[in-house]
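Down below is the structure, laid out as C-alpha cells.
The values are calculated or read from the model by the stated rules, or taken from the named source; none is laboratory data. A quick note: this is a predicted structure, and the numbers were derived from the prediction, not measured. No Cβ is skipped: glycine too gets one built from the backbone with ideal geometry, and neighbour counts run over all protein chains shown. What goes into the accessible areas is simple: the full protein's heavy atoms, side chains included, and nothing from ligands, DNA or RNA. Shrake-Rupley method; radii C 1.70, N 1.55, O 1.52, S 1.80 Å.
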Amino acid sequence: MEKATFAGGCFWCMVTPFEELPGIHGIVSGYTGGSVTNPTYEEVKKGTTGHYEVVEITFDPEVFPYEKLLELYWPQIDPTDSEGQFHDRGSQYRTAIFYHNVRQQELALSSKKAVEDSGRFDKPIVTEILPAERFYPAEEYHQDYHKKNVKHYKEDREKSGRDEFITEHWQVTDV
C-alpha cells in the first residue's frame with residue numbers, strides 16, 4: 001500500500017472523485033503542511049496555521065497506479081488559482097500535490113508539466129508539488145461528510161462553482 005496526499009480546496013469535495021474505485025483502500029480528510037501540532041478545523045479555517053485541507057488516500061499501486069490518481073486529481077481543481085479554490089478563499093484552500101517518495105515527485109512534476117503544456121489555461125499553473133509532511137486527520141464529523149450531510153454537501157458544492165468550472169475547463173461532465 002502507498003499513500004497519496006492532495007490539496008484541492010475544501011476536502012469534502014476531494015473525497016468523492018477517488019472513492020469506491022478498485023485499489024483505493026481509504027480516504028481520510030485532514031490537514032498537512034503547517035506549523036501547528038494537532039490543528040483543529042476551526043484553527044485551520046482561520047488560515048493562520050499554514051496547513052492545507054487535504055485528502056490522504058491509501059491505495060494499492062498494483063491495482064490503481066499513482067498516475068491514475070494524478071489523472072483524477074487535476075480535473076477536480078482550478079490549478080491557476082493561488083488564493084484558494086472556487087468560493088473557498090484563503091491559504092488553507094490552495095492546491096498542492098504532496099509526494100511521499102521520489103517516484104511520486106517525478107510523476108507529479110511530469111503531470112503538472114503536461115497540464116502546463118496542454119494550453120488549456122491562459123494563466124500559469126500554480127499548484128505546488130511539495131514533500132509530504134505530517135498528516136493530521138480532521139475531526140470525525142468531516143470524514144465522509146458528503147454521506148453524513150448529503151443536503152448540505154450538495155448545496156455547498158453547487159454554490160461553490162466547482163462543477164461548472166470542471167465542465168467548462170476540463171470537459172468533464174460526470175462530476
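Before moving on, here are some points about what is shown:
- The label-point distance for Glu168 and Ser35, in a model that sets each label 7 Å from Cα toward Cβ, rounds to 3.7 nm.
- At most 14 other Cβ within 10 Å, DSSP loop - chymotrypsin sites (Phe, Trp or Tyr not before Pro), the stretch 77-141: Phe121
- Nonlocal Lys pairs with alpha-carbon distance under 22 Å, the stretch 79-175 (8 or more apart, or different chains): 5
- In summary, the aspartates and glutamates within cross-link reach of Lys46, defined as a Cα separation below 12 angstrom excluding same-chain residues under 8 places away, comprise Asp88.
- Rg ratio for the stretch 71-145: its Cα radius of gyration over 2.2 N^0.38 Å, N being its residue count, equals 1.20.
- Calculated accessible area for the chain comes out at 50 Å² per residue, all protein chains present (probe 1.4 Å; ligands, DNA, RNA ignored).
- Ligands, DNA and RNA left out, the accessible area of the stretch 1-88 computed with a 1.4 Å probe is 48% carbon and sulfur.
- Directionally averaged projected area (convex hull, Cα atoms, the chain), nm²: 9.5 nm²
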